[in-house]
Amino acid sequence: MKILVTGGAGFIGSNLVRHLVNKYPDYRIVNLDKLTYAGNLESLRDVESNPAYTFVRGDICNGPLVTEVFEEYGVECVIHLAAESHVDRSILSAEEFLRTNVLGTYTLLESARRYWSRKGSSKRHVFVNVSTDEVYGSLGTEGVFTERSPYEPNSPYSASKAGADHLARAYFKTHGLPVVTTHCSNNYGPFQLPEKLIPLVILNALEGKELPVYGKGTNVRDWLYVKDHCTALDLVLHRGMPGETYNIGAGNEWRNIDLVKRICRELDELIPDSPHVPHSSLIRFVKDRPGHDMRYAIDATKIRSELGWRPGHGFEEGLRDTIRWYMENIEWCNRVRSGAYREYYEKNYSRR
Ligand code: NAD
Ligand code: DAU
């Protein structure tokens, strides 16, 4: 199978490329990534010389380039992850989110449609559109998101992802493009950029810096280990039904403040002689994120019952492994935090 993965140098993308290359040595995996501030080829060092893997640097909004990639590599399936992915950045400036998430998704859908209609349907083509649970908006204290929950995006990020989903749906309905859309909850694990809550808290705590908790810290997120997201995408690629959508999540809800305290306790145990013990003394409540969604919770019954997916990692084990990974990969962290990251950190947190 010749698979185009977009955004393969990002957090989930790099974990997915590693999963596919190791599990399917006879597949060809082409990673198309622009290498924005969020993309990092160092995250793929261990697979870069694998003959099953090819990297192409490029923008998914560049139609001629995307068409060339389809033709040159004979792309049969797409797993589309490339996106601007950080809510706080979309509040500071939304334009790049609209460009990459909406126009970029359109460019890929259109290129796939043209290329696959020319090739005919002898092969099983699939376009996996990796979306998010955030398109459903915010829950109160009760209830869960199902695949039938209405779209109610609240941030420029989630609105741009919703726009992409609507285009993907339209390409299935109008053109018969075999699109499958997934809605996953919050991921955590190795190679996540420390602009997101879990790695940000781990690294700040290790360095004795403040741990910024937005508002009262009562917002709830449903956390999934990234490798479990990858096994779900693998199943959707091979067995997902075109035109269908699948929610992905492990039913693992945490209030932000409880999660941050939990990370602090783990660090207290892992490094009892740190001058920053107890790490929870570093917690600071800061100005809330505008439009901050209160709660996300996923009902993953459909992917469990129809595709047989199960998360393979418990939260205790996953969180500990993640904390250890950041402690052991400080060089990776320092490199991704240089330059553009520092500028963003200053902008987002200095006057909070
Ligand atoms: P990320 O920000 O870590 O990585 C995004 C990748 O896309 C980077 O490698 C970046 O260089 C690349 N990219 C950005 N713009 C591009 C463009 N115009 N052309 C080509 N490449 C471009 O993101 P992530 O957290 O790995 O998320 C991946 C996907 O999964 C996104 O679509 C996101 O919406 C979705 N998702 C993420 C989560 C999560 O918790 N992180 C949960 C559900 C869904
Ligand atoms: O639900 C899936 C989504 O999860 C993905 O679509 C997004 O790409 C991904 O970034 C993530 O979005 P969140 O906004 O939920 O993740 P983030 O890590 O930014 O924040 C998690 C929670 O922690 C949220 O309630 C905001 C809060 N927070 C975040 C940061 C960065 C803080 O309290 N302090 C912080 O410094």
- Task: Return the inverse of the average 1/r over all pairs of distinct C-alpha atoms in the range 12-88, which is the Kirkwood hydrodynamic radius, in Å to one decimal.
- Result: 13.3
- Note on the structure: The set of residues whose placed amide H lies less than 5 Å from the amide H of Thr132, leaving out same-chain residues fewer than 5 positions away, is Cys184
- Message: If you average the alpha carbon positions of the range 10-73 and of the range 307-339, how far apart do those two centres end up, in angstrom?
- Response: 21
- Query: Bin by bin, in steps of 20 Å, what percent of the Cα pairs in the chain do you find, going until the bin that has the longest distance?
  - Reply: 30, 60, 10, 0
- Run a plain Debye calculation on the range 200-258 (Cα atoms as equal point scatterers, no solvent) and give log10 I(q)/I(0) at q = 0.15, 0.17, 0.25 Å⁻¹, rounded to two decimals, same order as the q list. -0.66, -0.75, -1.03
- Any idea which of Ile271, Pro290, Leu259 is furthest toward the positive side of the dipole for the range 255-299, if Lys and Arg beta-carbons carry +1 and Asp and Glu beta-carbons -1? Pro290
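Quote to one decimal, in nm, the extra length available between Leu270 and Glu331 on full extension: 0.36 nm per residue of separation minus the C-alpha distance between them.
Length difference between fully extended and current span is 20.0 nm.
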- Task: On a 0 to 90° scale, report how tilted helix 315-328 is relative to the longest principal axis of the chain, with both axes built from alpha carbons and the result rounded to the nearest 10.
- Result: 80
- Task: May I ask you to derive the relative contact order of the chain, considering only C-alpha pairs under 8 Å and at least 6 residues apart, and to give it as an integer percent?
- Result: 18
- Taking the range 230-279 as the region of interest, what is the percent of Cα-Cα pairs per 10 angstrom bin, listed from the shortest bin to the one with the maximum distance? 21, 26, 20, 20, 12, 2
- Message: Quick check: the angle from helix 340-349's long axis to the longest principal axis of the chain, C-alpha only, nearest 10 degrees?
- Response: 50
- Query: Can you give the convex hull volume per residue for the Cα atoms of the range 155-237, as a whole number of Å³?
  - Reply: 120
- Using amide H atoms built 1.01 Å from N in the peptide plane, name the residues 5+ places from Phe55, or on other chains, whose amide H lies under 5 Å from its own. Asn31
- In degrees, nearest 10, range 0 to 90: what is the angle between the Cα axis of helix 256-270 and the longest Cα principal axis of the chain? 70
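Report the Rg/Rh value for the range 58-168, based on alpha-carbon coordinates and the Kirkwood definition of Rh. Kindly include the intermediate steps, with their values, before the conclusion.
Details: Rg = 15.7 Å, Rh = 15.1 Å.
Here Rg/Rh amounts to 1.04.
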- Task: For Glu48 paired with Tyr345, estimate the spin-label separation in nm (one decimal), with each label point 7 Å from Cα along the Cα-to-Cβ line.
- Result: 2.4
- Expected 222 nm ellipticity per residue - DSSP helices of 4 or more, -39500 (n - 2.57), all of the chain, to 500: -12500 deg cm²/dmol
- Message: If I take R0 = 45 Å and measure r between the Cβ atoms of Met294 and Arg118 in this structure, what FRET efficiency does the formula 1/(1 + (r/R0)^6) give, to the nearest 0.05?
- Response: 0.45
- Any idea which of Val201, Ala162, Leu211 is furthest toward the positive side of the dipole for the range 96-232, if Lys and Arg beta-carbons carry +1 and Asp and Glu beta-carbons -1? Ala162
- Looking only at lysines whose Cα falls under 21 Å of Lys2's and that sit 8 or more positions away or on another chain, we get Lys23, Lys34, Lys119, Lys123
- Note the direction-averaged projected area, equal to a quarter of the hull surface, for the Cα convex hull of the range 237-352, in nm². 10.8
- Query: Applying the Karplus parametrisation 6.51 cos²θ - 1.76 cosθ + 1.60 with θ = phi - 60° to the phi angles of the range 197-205, what ³J(HN,Hα) value in whole Hz is obtained for each residue in order, glycine and proline being reported as x?
  - Reply: 3, 5, x, 4, 5, 4, 5, 4, 5
- Message: For the chain, give me the percentage of DSSP beta bridges that are antiparallel, rounded to the nearest 5 percent.
- Response: 10
- Query: For Tyr214, which sequence-distant residues (separation of 5 or more, or a different chain) have an amide H within less than 5 Å of its own amide H, given hydrogens modelled in the peptide plane?
  - Reply: Val286
- Mind listing the phi-derived Karplus ³J(HN,Hα) values for the range 221-230, rounded to whole Hz, using 6.51, -1.76 and 1.60 with θ = phi - 60°, and x for any glycine or proline? 10, 10, 8, 10, 5, 4, 5, 6, 5, 5
- Task: Please express the shape of the range 107-266 as an equivalent ellipsoid: the semi-axes are the square roots of 5 times the eigenvalues of the C-alpha gyration tensor, given largest first in whole angstrom.
- Result: 35, 17, 14
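Read-outs throughout are calculated quantities, based only on the coordinates presented, and are distinct from any laboratory measurement. All figures in this text were calculated on a predicted structure; none of them were measured in a lab. In this analysis, Cβ positions are derived from the backbone assuming ideal geometry, glycine residues included, and neighbour counts consider all displayed protein chains.
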